[in-house]
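First the structure, in the form of structure tokens, and then the observations on it.
Nothing in this text is a laboratory measurement; each read-out follows from the coordinates by a stated rule. Keep in mind the model is a prediction, meaning the values are calculated, not measured. Neighbour counts are summed over all protein chains in view; Cβ atoms, including those assigned to glycine, are modelled from backbone coordinates with ideal geometry.
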Amino acid sequence: MHYFLKIKDQQAVDHWSLGSLILGFAVLLTIFRQELPLLLSYYIANGVAAVAYVVLNRALKSLTTATPGPVRLEVSDALIFFIYTISLYALDRWITGEFKDVAKTGFVSVWMVLISYLGAKYCLQIHERFGMKLARNFAYLFVAVAILWLGRILAALLVQVTHAFDTALINTLIWVAIFVVGIVKYMVFPLLLLQKNENDKQEQLRKSLARANKTVTSSALTASIAHELNQPLAAMRINSQVLLKALEAQQTSAQAGGASLEMTSIVRDILQDNERASQII
């Protein structure tokens, strides 16, 4: 995706690539949870994943607003990491008894619901701006993710299912659904970029055709106006030339006089003005 799509919407591709890289690092920490201390494999891994989802959402947001600039982690990302990780650690240390795991599961799930809500919001903004049906469907996918994480909260409260690897039926169904929807989400984003690029090309073609049509229409209108204006000028020129010939004929006869010379001069001026107007048109 990074190689084939970075020509168009480069910020979105870079944000999504960076977010995927960070999320992959978080998953890597979780995979080796038996070999790594709990601080790394759970608390820090969850904090890194929280930042990853923020960066992934930033890829969608970059499609709604044109904000050129380098793609990098921001100060807010570091604040999110520390606040998220410290809050999760504090829940583990301050809450005792059976509600400890419920509280941690609820905290993580609420964060994912919030992230999914923002993702759906950005997708709907993309749909409103570009009229892309795929973006609206992408928003529905984020809503489905939010519903699944809300289901995790209910499962933790009602059946005390708080661990990802719990074999309870409801927990298995929720995690399989989260896994499947996550795969679909990562497949839809490149399709969204491709469709947007195709829509951009069609919009450029439409503007180009509209500009060409405007040019042709303006040229035709200009030619029509010039033709309509030149007709009376041509008639005026012909009549003036006829009058000039008649006056010149009078000057050679016995009837010639000062009035005839003055009239000839006026007609010559009319012919000069007529010629100048024709050249301007």
Nonlocal Lys pairs with alpha-carbon distance under 18 Å, the range 2-210 (8 or more apart, or different chains):
18
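Trypsin sites (Lys or Arg not before Pro), restricted to the range 27-92: which are DSSP loop and have at most 10 other Cβ atoms within 10 Å?
Taking the range 27-92 and a limit of 10 other Cβ atoms within 10 Å, the loop trypsin sites (Lys or Arg not before Pro) found are Arg72.
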If neighbour count is taken as other Cβ atoms inside 10 Å, put Leu233, Leu91, Leu63 in order from fewest to most.
Leu233, Leu91, Leu63
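Is any helix in the chain, taking whole DSSP H runs, at least 30 angstrom long along its axis by alpha carbon and on average at least -0.5 on the Kyte-Doolittle scale, and which ones?
Working: long enough: 10-31 (31 Å, 1.14); 99-130 (46 Å, 0.53); 133-158 (37 Å, 1.59); 169-252 (121 Å, 0.25); 258-280 (34 Å, -0.27).
Membrane-span-like by this rule: 10-31, 99-130, 133-158, 169-252, 258-280.
How long are the semi-axes of the equivalent ellipsoid of the chain, defined as square roots of 5 times the Cα gyration tensor eigenvalues? Whole Å, largest first.
Working: eigenvalues 1381, 60, 42 Å².
The equivalent ellipsoid of the chain has semi-axes of 83, 17, 15 Å.
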Below 8 Å between Cα atoms, with a sequence gap of 6+, how large is the relative contact order for the chain in percent?
12 percent
